[in-house]
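For reference, the structure is listed below as structure tokens.
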Amino acid sequence: MIKATYDRVRNTTPDSINREIENKTQQNIRYYSNQNERVIKSRIKELDKEWDIERVLALNASLFALTGIILGATLNKKWLMLPVVVTSFLAQHAVQGWCPPLPLFRKMGYRTRKEIDQERFALVENLEERKSLG
């Protein structure tokens, strides 16, 4: 059975980077939980629009593949190796949850959908608690 994307990405990301992402998420939760309702709702909207690691990898792969095809068709056929390499990375990610650009994007702070949703759900829960208290 193939593990969920969240687990595969986290399992192939160095612990130090996972901790950085977890710490940033917890800092965000603490900070926004102490803000007024308008600010929290604005943050939730930002989280709804945040790109997860899967979306970033898909865009990265498609842009590099398209670039390789265009350069291969117009400049030199050797550029056609670029889409071969990029799509093999994407296939590797689909199977293993890892590919060469993944550590870079994780270091840049891109999160899995589950990591984003953890922050979102904590803030939604905070708003619901406030409503129930009065």
Two-site FRET efficiency, A58 against M81, from Cβ-Cβ distance with R₀ of 22 Å, rounded to 0.05: 0.60
Per DSSP helix of 4 or more residues, -39500 (n - 2.57); summed, then divided by the residues of the chain. What does that give at 222 nm, rounded to the nearest 500? -25500 deg cm²/dmol
Which residue, chosen from L47, N23, L104, occupies the Cα position most advanced towards the positive end of the dipole of the chain, where the dipole is computed from +1 (Lys, Arg) and -1 (Asp, Glu) charges on Cβ about the Cα centre? L104
To make sure I understand the rule: partners must be aspartates and glutamates, Cα under 14 Å from the Cα of K131, and not fewer than 8 residues away in the same chain. Which ones qualify? E37
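Per 0.36 nm of contour for each residue apart, how much would the distance between E50 and S132 grow if the chain were fully extended, relative to their Cα-Cα spacing? Please report the intermediate quantities before stating the final value.
Working: separation 82, 0.36 × 82 = 29.52 nm, distance 2.84 nm.
The E50-S132 span can extend by a further 26.7 nm.
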Under the Karplus curve 6.51 cos²θ - 1.76 cosθ + 1.60, θ = phi - 60°, whole-Hz ³J(HN,Hα) for the stretch 98-104, x wherever Gly or Pro sits: 9, 7, x, x, 4, x, 5
Select one label from (i) 0.97; (ii) 1.00; (iii) 1.12: the one whose number is Rg/Rh (Cα atoms, Kirkwood Rh) as derived from the coordinates shown. (iii)
Ranking E22, E37 by Cβ neighbours within 10 Å, fewest first, what do you get? E37, E22
Ordered by residue, what ³J(HN,Hα) values in Hz, to whole numbers, does the stretch 70-75 give under the Karplus form 6.51 cos²θ - 1.76 cosθ + 1.60, where θ = phi - 60° and Gly and Pro are x? 4, 5, x, 6, 10, 10
Could you work out how much longer the chain between S42 and K114 gets when fully extended? Use 0.36 nm per residue separation minus the Cα distance between them, nm to one decimal. 24.0 nm
Ranked from fewest to most other Cβ atoms within 10 Å of their own Cβ, R30, R130, R120 fall in the order R30, R130, R120
Within 10 Å, count the other beta carbons around each residue, average over each peptide in 107-119, 38-50, and list them highest first. 107-119, 38-50
The chain, Gaussian network, Cα under 10 Å: of N23, N36, N60, the residue fluctuating most is N36
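Read the figures in this text as sums done on the coordinates, not as results from a lab. All of these numbers come straight from a predicted model, not from anything done at the bench. Positions of Cβ are backbone-derived with ideal geometry, glycine not excepted, and every protein chain shown enters the neighbour counts.
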